[in-house]
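A short worksheet on the structure shown next.
Every read-out reported here was derived from the displayed coordinates using simple, explicitly stated rules and does not represent laboratory data. All values derive from a computational prediction rather than experimental measurement. Glycine also receives a Cβ, built like all others from the backbone with ideal geometry; neighbour counts cover every protein chain displayed.
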Amino acid sequence: MNSYAYPPDVAAALPPHWPPHGYPLPTQEVLTELLAVAYQASLLQEETRPVLGHLLLAPEHYLTDPSRRSARHQVLRFTHALPYRAQELRRLSPTVQRPGHLLAVEERAGQGLVIWGMVLTTRPWDYAHEPADPAYLPPALFLHLFGPGNLGLFCGAERVLVLQQGRLLALRDVQFPTAWVRGYFNEVPALQVGTPANLLLARALTRHMTRRLIAQVQAAGHGGMVLLVASDRVPQLVGEAGLLVPKYGVQANEVGTRYLALLEQAVARSLELGLDSWTAYRLSTDGLLQALHAELDHFADLLADLMAVDGALVLNKQFEVVGFGVELRAPALPTNCVYRALDPEATQLQAEAANSGGTRHRAAYRLCQAEPECLALVVSQDGGVKFVRQQASHIVFWEQPPV
């Protein structure tokens, strides 16, 4: 039986995913009302146009306090606060469809939720795992209405949950199983750096890129699969006679090389700045480091776009694009049994039927069986994530549901 999520479900799911640095959330009752009204408004039309836009739940005093004012955001305070109703959101939606333009909402004693003005920022929002920057917006609850019944929930600019076509997706906490990538990226120079701190940073950057890729595919709602293959096995595996047949094959190119160069430059710059952790890296205001990080994010966006094409995306160990729209011709599994990992190291396994998953999952199982060094990452249309590899002659997968 299909199960769909609605505003009360979103309100219940949000607090466990809310980051610790976020502005305190309102009560469940107020949160449910906030989401229900926005949800209803998204189903309306304004003169035949869809109701789209952005809302920020933040106290007026917080954004208008001179000590917190910034040239990076401006406030338009209405003469009279307006009731927070779906029809009011409908009428005002044309003013806040542009990224960076938000309706400002707060809870007031005796009035409930009201719309007290607009916040205008100079930042172009990209909705893709950017940390909240109080210079632009406080880490408060920010809603993006992007289609009928579709809501994106953010902490400032950091995406937390998405309600899309009745599916609730959590986009912050993709947990990487340690056994999935162990020993795999040994061809990446940046992951061989000398100090433990820089090695951890390089790994964190690779995880960030993968999280962003997953988030983009989840948000698009199309699902997809990326395959990582050993570089020296590409000639045998890829082509009409191989297990992987690309509709769009790619010759030797600068894309993967550029990614490795950016990764190495980001690690080197972090070393120059004395940044010894992922937190320190993300809080850095260094212009060069931020520019490098933006380019790394654009690379992840490119990979997510390639995954939208029917078929798999194939990368080698150096992150070079081998092909996309790839058909898998791996032979059938010798057994109908695969194993669910119950811990990051896959020390505890639970046997499951291989045919219990979808087409992408079964294709990933077959490929990892035929090519032991291959890693597969599958994103389902419902937002679930599955990591697959062969381990100790077993096909093992780590699964993360949408929420």
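Miscellaneous remarks
- Alpha-carbon Debye profile of the stretch 178-400, log10 I(q)/I(0) at 0.12, 0.16, 0.18 Å⁻¹: -0.65, -1.13, -1.37
- Entry for volume of the Cα convex hull per residue in Å³ (calculated from the structure that is shown) out of (i) 158; (ii) 197; (iii) 167: (i)
- With R₀ set to 51 Å, the beta-carbon distance separating Tyr184 from His101 gives a calculated FRET efficiency near 0.70.
- Here the residues Arg329, Arg366, ranked from fewest to most Cβ neighbours within 10 Å of their Cβ, fall in the order Arg329, Arg366.
- Of all DSSP beta bridges confined to the chain, the antiparallel ones make up roughly 85%.
- Ranked Lys386, Lys247, criterion: other C-beta atoms within 10 Å, fewest first: Lys247, Lys386
- At 0.692 mPa s and 37 °C, Stokes diffusion of the stretch 342-403 via Kirkwood alpha-carbon radius, µm² per second: 276
- Ordering Arg85, Arg108, Arg159, Arg362 from the fewest to the most neighbouring beta carbons within 10 Å gives Arg108, Arg85, Arg362, Arg159.
- Gain upon complete extension [Leu283, Tyr62; 0.36 nm per residue less C-alpha separation]: 77.4 nm
- Helices in the chain that qualify as membrane-span-like (whole DSSP H runs, Cα extent of at least 18 Å along the helix axis, mean Kyte-Doolittle hydropathy of 0.0 or higher) are 28-42, 196-220, 255-273, 287-307.
- Considering only the Cα atoms of the stretch 6-70, their convex hull presents on average a projected area of 6.2 nm².
- For the stretch 7-170, pairs of C-alpha atoms spaced more than 27 angstrom apart make up 15 percent of the total.
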